[in-house]
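So the structure is just underneath, and the comments pick up after that.
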Amino acid sequence: MRSVLPVLTIVAFILGFWTLAVVPMNIHLAADQAARGDMVVEPDDARARQEVGAFALALGNPAVIPMTYTLDRPRLPGPQQVVVELWNTVFAVAPTSNRSLIYHGWVTLSATLLGFGMGTALGIALAVGIVFSRTMDLSVMPWAIASQTIPILALAPMIIVVMGALGIQGLLPKAIISAYLSFFPVVVGMVKGLRSPDAMQLDLLRTYSAGPAQGFWKLRLPASVPYLFASLKIGISASLVGAIVGELPTGARAGFGARMLVGDQYGQPLVTWAALFAAAITAAALVGLFAALERVTLKRMGMAA
Amino acid sequence: MVSVDGNPQGLEHSAKTARSAVISASSVDLTFQTNDGPVHALKDVSLDIEKGDFVSFIGPSGCGKTTFLRCIAGLETPTGGALSVNGMTPDEARRARAYGYVFQAAGLYPWRTIGGNVKLPLEIMGYSKAEQEARVRRVLELVDLAGFARKYPWQLSGGMQQRASIARALAFDADILLMDEPFGALDEIVRDHLNEQLLQLWARTEKTIGFVTHSIPEAVYLSTKIVVMSPRPGRIADVIESTLPRERPLDIRDSPEFIAIAHRVRDGLRAGHADD
C-alpha cells in the first residue's frame, strides 16, 4: 500500500502532460472546424493556417482551445474522451455486442490464457530437460534464445497463414503466437530456479542416496517456485501482446487487436485508444493476479522475501 | 595409536580398536587437479575409529579435516590408499545409508515445517507413514524440540535450527554420525549448551561420531579421540586418546586433566604450523 502515492504521482504527471499535449496536437483540426462554423479564426485562410505553428495558432485563438478536447476524430483524444469511450463500450452496451470491449476482451483473453498455458507447460518441460540432460542444455538453449530474436510482427502472419492453409483458424493460431512469446521467460527462470539449490543441499540428498526424481520433487521443484512466479508475470503480459499481434495481420473480426485496427482504418481514434487502454488494464490485472498468487504461495512456503 | 601415557583406560580402549573398527583408513591420499597444478588435500592418512567413539578432527583451514570427513561419507573419492566404513567402501556405505551427515549450515527446507524437514530422509528411504510420525516425534524429543514439529525454520533461532538438522540426521537408523563444524556459526553460549546436549545424545544413542571443529575446547570436551591435522599437504599430526571420563559436566573444562589434553592439542597444532 505504500506504493500507492508514488504510483498516483506518476499517473497524475502523465495525465497532466497528456492533457496539455491535446491542445497543440488538435489545434489545427479544431480551428478548421471552428472556421467552418461561425467563429472568426486568425488567420482566416485554411491554407495559411497550415503554415502557422501549433503553439502560435493556439495563442492567437484562445477561444478555439476548449474545442480541441471535444473533436469527434481528434489526432490525440483528451483523457476524458477515452474514459467516456471506455465507459460506453464496457458498461453501456451488452457484453455480447460487437461494440463491447468485454466481448473483444474475452476473445483476446481466451487466446492469451490458452497460449500462456501452452507456453508455460512447454517452458517448464524444456527447463526440466535442460537441467537433467547435458545434451539438451547444449542444444536447446541457443535455439530458445535465437527464437526470441525474430521479430514477432514478421513471424505472426506466417504462423496465421500456414495454419490457415492447414484449415486451423481462430483461437489456436493466436494462442501459438502467445505461447511462442511466453515460453521463453519460463525456460530461463525455471532453469535458474531448478539449479538454485546449493552444493550443500545436493550433498545432503546424496548422503540419503536419493535418486534424481526424488531430488527433483523434494528439492529442485519447490526451490524453483520463486523463479517460476517471476517468469509467469513476464510470460502472461507477453502472452497478451502475442494474442493482440496475432489479431493484427489477418483482419480478425474480434479482439483488442481487431478493434485497434478498425479504429485506425476507419479514422476512429477513440476506438483505437479505448482498445489500447483496455488491453493495458487487462495486462495490469493479469500481472496483479499473479503477483497476489505469488505473495500468498511464497508466504505459505516460508519463502516470502 | 598414540595414547596419553600411563592411562589404563586408554590402553584397554585401543586393545578393543583392532577388533571393531567401524571406520578404517590406511594411507589415504587425495589430490585435486586444479588449474594451478595438483593440490594435496590429504596425504598418507591412516586412522581407525571404533564403534561408539567420538572422534574430533581439528586443525587450521586447509588441513583436510572436512575433506577427510567427506571421504568417509563417500562425497569425495580418495586417489590412493584404502578406506572402509562398516566393512564396505565409502560409496557402498553411502548407498546403504550407513551414516547421518550434519553440515555447517542447518540447510532446512524453508517450505517444510521442522517435522517435515526431519521427515525428509524418511520419505526418501521409504519408511511407512506411521513409522515416519513415530520417528519424527522421537528424534525431536531427543534434541529437545518436542513442541516445534509444526513450526517453520524461520520461526526458530540458529541454534534450534541446527538441533533440528541433527534430528534429521538421527531420524533413520545409521550408527555413524558425521558432523562438519555443526556449531561453527553459533555464539559461544549456545555452543556450550549444544555441546553438552550432544554428549548426552551420544551417551543415549551409542552412535559413532566424527566431528570436525577448529575449537580446541570443543574438541577436548566432546571427544574420546582427538585427531590433530596440519595443512599442505593435509595430514595427521597427532592422535590423542582422551583420558576424561565419558560423563562430562561443563566444569570439567577447568580440571588439570582437561587443560593437559588441550595443551597437547595446541602443541600438535603448533608443530603442524612450524613448517609453513
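Tabulated data
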{"read-out": "Yes/no for B:VAL190 being β-branched (Val, Ile, Thr), in the same structural domain as B:GLU257 (by TED's automatic domain parsing) and over 16 Å from the mean Cα position of the chain (by Cα)", "value": "yes"}
{"read-out": "Restricting region B:123-148 to residues that are basic (Lys, Arg), closer than 16 Å to B:SER165 by Cα and without any contact (Cβ under 8 Å) to a residue 24 or more places away in the chain, the residue that is nearest to the other protein chains (Cβ to nearest Cβ)", "value": "B:ARG138"}
{"read-out": "Condition check for B:LYS151: among the basic types (Lys, Arg) and in contact (Cβ under 8 Å) with a residue 60 or more places away in the chain", "value": "no"}
{"read-out": "Qualifying position, being more than 30 Å from B:ILE114 (Cβ to Cβ), out of contact with any helix residue (DSSP H, G or I) (no Cβ under 6 Å at 6 or more places or on another chain) and not in a loop (DSSP other than H, G, I, E, B), among A:ALA285, A:ALA274, A:ALA279", "value": "A:ALA285"}
{"read-out": "Selection count, region A:105-120, where residues are touching a residue at least 24 places away in the same chain (Cβ under 8 Å) and over 15 Å from A:LEU181 (Cβ atoms)", "value": "4"}
{"read-out": "Search result, residues across region A:200-224 that are open to solvent by 20 Å² or more (accessible area, probe 1.4 Å) and within 16 Å of A:ILE130 (Cβ to Cβ)", "value": "A:PRO212, A:PHE216, A:ARG220, A:LEU221"}
{"read-out": "Residues of region A:112-124 satisfying the condition of being farther than 12 Å from A:ALA238 by Cα and crowded, with 24+ Cβ neighbours inside 10 Å", "value": "A:GLY123"}
{"read-out": "Only listed residue being in contact with a Pro (Cβ under 9 Å, 6 or more places away or on another chain) and farther than 30 Å from B:MET179 by Cβ, chosen from A:ALA292, A:ALA258, A:ALA230", "value": "A:ALA230"}
{"read-out": "Enumeration of residues in region A:200-213 that are of a type in the set (Gly, Ala, Ser) and facing another protein chain (nearest Cβ under 10 Å)", "value": "A:SER209, A:ALA210, A:GLY211"}
{"read-out": "Qualifying residue in region A:184-199 (condition: more than 14 Å from chain B (Cβ to nearest Cβ), within 15 Å of A:GLY257 (Cβ to Cβ) and surrounded by 15 or more Cβ atoms within 10 Å (Cβ to Cβ))", "value": "no"}
{"read-out": "Verdict on A:ALA154 being hydrophobic (A, V, I, L, M, F, W, C), part of a helix (DSSP H, G or I) and assigned by TED's automatic domain parsing to the domain that holds A:VAL296", "value": "yes"}
{"read-out": "Filter result (under 15 Å from A:SER237 (Cβ atoms) and modelled with pLDDT under 90) within region A:149-186", "value": "A:ILE152"}
{"read-out": "Filtered residues of region B:91-122 (kept if at the interface with chain A (Cβ under 7 Å from one of its Cβ atoms), surrounded by fewer than 18 Cβ atoms within 10 Å (Cβ to Cβ) and not in a loop (DSSP other than H, G, I, E, B))", "value": "B:ARG95"}
{"read-out": "The one condition in (1) open to solvent by 50 Å² or more (accessible area, probe 1.4 Å); (2) more than 14 Å from chain B (Cβ to nearest Cβ) that A:VAL140 fails to fulfil", "value": "(1)"}
{"read-out": "Total residues in region A:24-44, condition surrounded by fewer than 11 Cβ atoms within 10 Å (Cβ to Cβ) and not in a helix (DSSP H, G or I)", "value": "4"}
{"read-out": "Of residues in region B:74-90 being of a type in the set (S, T, N, Q) and farther than 22 Å from B:ILE124 by Cβ, the one surrounded by the most Cβ atoms within 10 Å (Cβ to Cβ)", "value": "B:SER84"}
{"read-out": "Options A:PHE290, A:PHE229, A:PHE216, A:PHE277; residue that is within 14 Å of another protein chain (Cβ to nearest Cβ), within 23 Å of A:LEU181 (Cβ to Cβ) and of a type in the set (A, V, I, L, M, F, W, C)", "value": "A:PHE229"}
{"read-out": "Pair list, Cβ < 6 Å and 6+ apart or interchain, from region A:135-150 residues that are over 23 Å from A:SER178 (Cβ atoms) and without any contact (Cβ under 8 Å) to a residue 12 or more places away in the chain to residues that are part of a helix (DSSP H, G or I) and of a type outside the set (Gly, Ala, Ser)", "value": "A:MET136/A:ILE130; A:ASP137/A:ILE130"}
{"read-out": "So A:ALA154, is it open to solvent by 50 Å² or more (accessible area, probe 1.4 Å) and within 14 Å of chain B (Cβ to nearest Cβ)", "value": "no"}
{"read-out": "Some residue of region A:165-177 being in contact (Cβ under 8 Å) with a residue 12 or more places away in the chain, surrounded by 17 or more Cβ atoms within 10 Å (Cβ to Cβ) and within 30 Å of B:ARG95 (Cβ to Cβ)", "value": "no"}
{"read-out": "Every residue from region B:152-210 that is within 14 Å of chain A (Cβ to nearest Cβ), small (Gly, Ala, Ser) and open to solvent by 10 Å² or more (accessible area, probe 1.4 Å)", "value": "B:GLY184, B:ALA185"}
{"read-out": "Counted residues, region A:219-273 - those being over 17 Å from the mean Cα position of the chain (by Cα), at pLDDT below 95 and either charged (D, E, K, R) or outside the structural domain of A:GLY170 (by TED's automatic domain parsing) (or both)", "value": "2"}
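Yes/no per residue for (1) part of a helix (DSSP H, G or I); (2) more than 30 Å from B:ALA169 (Cβ to Cβ); (3) touching a Lys or Arg at 6+ places or on another chain (Cβ under 6 Å):
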site	(1), (2), (3)
A:VAL161	yes, yes, no
A:ILE168	no, yes, no
A:ALA175	yes, yes, no
A:PHE184	yes, yes, no
A:PHE216	yes, no, no
A:LYS233	yes, yes, no
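So that you can scan it fast, the table gives a plain yes or no per residue for (1) charged (D, E, K, R); (2) open to solvent by less than 20 Å² (accessible area, probe 1.4 Å):
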{"position": "A:ARG49", "(1), (2)": "yes, yes"}
{"position": "A:VAL52", "(1), (2)": "no, no"}
{"position": "A:PHE55", "(1), (2)": "no, no"}
{"position": "A:LEU59", "(1), (2)": "no, no"}
{"position": "A:LEU71", "(1), (2)": "no, yes"}
{"position": "A:GLN80", "(1), (2)": "no, no"}
{"position": "A:THR89", "(1), (2)": "no, yes"}
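So that you can scan it fast, the table gives a plain yes or no per residue for (1) part of a helix (DSSP H, G or I); (2) out of contact with any Leu (no Cβ under 6 Å at 6 or more places or on another chain); (3) closer than 17 Å to B:LEU108 by Cα; (4) not β-branched (Val, Ile, Thr):
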{"residue": "B:LEU140", "(1), (2), (3), (4)": "yes, yes, yes, yes"}
{"residue": "B:ARG150", "(1), (2), (3), (4)": "no, yes, yes, yes"}
{"residue": "B:TRP154", "(1), (2), (3), (4)": "yes, yes, yes, yes"}
{"residue": "B:ALA167", "(1), (2), (3), (4)": "yes, no, yes, yes"}
{"residue": "B:MET179", "(1), (2), (3), (4)": "no, yes, yes, yes"}
{"residue": "B:ARG191", "(1), (2), (3), (4)": "yes, yes, no, yes"}
{"residue": "B:TRP202", "(1), (2), (3), (4)": "yes, yes, no, yes"}
{"residue": "B:ARG232", "(1), (2), (3), (4)": "no, yes, no, yes"}
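The values are calculated or read from the model by the stated rules, or taken from the named source; none is laboratory data. Treat the numbers as computed from the prediction; the structure is a model and nothing was measured. Here Cβ is always computed from backbone atoms with ideal geometry, including for glycine, and neighbour counts include all displayed protein chains. Ligands, DNA and RNA are excluded from the accessible area calculation, which covers all protein heavy atoms including side chains. Shrake-Rupley method; radii C 1.70, N 1.55, O 1.52, S 1.80 Å.
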